[in-house]
């Protein structure tokens, strides 16, 4: 009899075997479900979650400064001059709103449209997850003339919310030290955080992001009034541009589109996408809408002008993306992502909204600027020819290999001999 069978006989499976994880226990048991991983990426995701809370305040028009500090003791603090996390008693939990935000999963102002029309912290687990996965965490809130403070250790409050002084400021500071029992490493990489904060500054024009590293005494400040247009201009650099750099900000139904793009003469392509300032590295419905609009306009105008080569046919996505740089940031009230790490947007309605907005702009522009359309068309046409040439070359090589090896493809391959009668 196996050990498994013995174990089954010796242990009854009843109600006592059902484990109920309360409070923040599920986060500590399965951290990867909430921050993606416990490696260096998950570690930096902790900072991102708190910074995103400040960005949400900025998007709502209540924050102008966000500061991140890497401290010598391995802790990190994030300050924003927003309205400050509410400190009054929560009607449902009976605790302060601040303690509720940091100790209850799926609690936060992000679910209230009257507070935040759009936000990156949709799931409402950001602050509480950071708290659960920290050795300790301290929150200081300047609000209504008073300074409020509370400390937690591995998610557990170390006393009630206290008033520790008076103030004329407003805002929130969250200071925490990641738990070495959870993460593979608890040492932040300065360059990683710098890149992320610079990205936030581009995506949130008018807000100043400051970074301080106490280890190296480094201090940098990022502020970009031009937003993603400045970013794209810097990304394209000295490459040969085909026409102007396009910038578009437009609002549809439950969808605000902020887009800039530039066609270039080289075969490089670079499309970055965001939802409510949150990177969507795997794209999603907003990116599909953008690509569909560009492809649709190019094919329609090319057909009308009689420019479509019958040997090539209509262009494909790969053709129009060849030599296209773009940054797309959409803002929607209730984004649906693949998991808490927000890698891909799933809201189906967004694709059509983005496609309609972008199509209307590009279609009108190219019809009024035919010379620029012709420039872009020639570049796309070359990309399509190159695609077909590569396909033909591949098929030729495969065909030669098949003939050289004496192997016949598909239905023409020799049948296998089975049995003594040769069938």
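The values are calculated or read from the model by the stated rules, or taken from the named source; none is laboratory data. Worth saying up front: this structure is predicted, and the values here are computed from it rather than measured. Virtual Cβ from ideal backbone geometry, glycine too; neighbours counted across all protein chains shown.
One residue stands out among those in the stretch 186-195 that are surrounded by fewer than 19 Cβ atoms within 10 Å (Cβ to Cβ) and out of contact with any helix residue (DSSP H, G or I) (no Cβ under 6 Å at 6 or more places or on another chain): the one that is farthest from residue 74 (Cα to Cα), which is 195. Can you tell me which residues in the stretch 344-393 are within 30 Å of residue 332 (Cα to Cα) and not in a helix (DSSP H, G or I)? Matches in the stretch 344-393: 344, 345, 346, 347.
Can you report the number of residues in the stretch 361-376 which are surrounded by fewer than 19 Cβ atoms within 10 Å (Cβ to Cβ) and either more than 23 Å from residue 252 (Cα to Cα) or under 29 Å from the mean Cα position of the chain (by Cα) (or both)?
Pass one, the stretch 361-376, residues surrounded by fewer than 19 Cβ atoms within 10 Å (Cβ to Cβ): 361, 363-365, 367-372, 374-375.
With the extra rule that they be either more than 23 Å from residue 252 (Cα to Cα) or under 29 Å from the mean Cα position of the chain (by Cα) (or both), the set shrinks to 361, 363, 368-372, 374-375.
Number of matching residues: 9.
If you go through the stretch 56-80 and pick out every residue that is surrounded by fewer than 21 Cβ atoms within 10 Å (Cβ to Cβ) and part of a loop (DSSP other than H, G, I, E, B), you end up with 9.
Against the criterion of being touching a strand residue (DSSP E or B) at 6+ places or on another chain (Cβ under 8 Å), in contact (Cβ under 8 Å) with a residue 40 or more places away in the chain and part of a helix (DSSP H, G or I), residue 298 does not qualify.
Return yes when residue 186 is farther than 18 Å from residue 53 by Cα, assigned to a loop (DSSP other than H, G, I, E, B) and in contact with a strand residue (DSSP E or B) (Cβ under 8 Å, 6 or more places away or on another chain) and no when it is not. Spell out how you get there, then give the answer.
On the way: farther than 18 Å from residue 53 by Cα: yes; assigned to a loop (DSSP other than H, G, I, E, B): yes; in contact with a strand residue (DSSP E or B) (Cβ under 8 Å, 6 or more places away or on another chain): yes.
Yes: the conditions hold for residue 186.
For every residue, the table says whether it meets (1) in contact with a helix residue (DSSP H, G or I) (Cβ under 8 Å, 6 or more places away or on another chain); (2) at pLDDT 90 or above; (3) surrounded by fewer than 13 Cβ atoms within 10 Å (Cβ to Cβ); (4) assigned by TED's automatic domain parsing to the domain that holds residue 295.
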| site | (1), (2), (3), (4) |
| --- | --- |
| 337 | no, no, no, yes |
| 359 | yes, yes, no, yes |
| 379 | no, yes, no, yes |
| 399 | no, no, yes, no |
| 403 | no, no, yes, no |
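Considering only residues that are in contact with a helix residue (DSSP H, G or I) (Cβ under 7 Å, 6 or more places away or on another chain) and free of Cβ contacts under 8 Å to residues at least 24 places away in the same chain, look in the stretch 93-107 and name the one that is surrounded by the most Cβ atoms within 10 Å (Cβ to Cβ). Ranking the qualifying residues of the stretch 93-107, first place goes to 107. Of the residues in the stretch 85-92, not one is out of contact with any helix residue (DSSP H, G or I) (no Cβ under 8 Å at 6 or more places or on another chain) and in contact (Cβ under 8 Å) with a residue 24 or more places away in the chain. Against the numbered list (1) buried (at least 22 other Cβ atoms within 10 Å of the Cβ); (2) over 16 Å from residue 272 (Cα atoms); (3) at pLDDT 95 or above, residue 327 comes up short only at (2).
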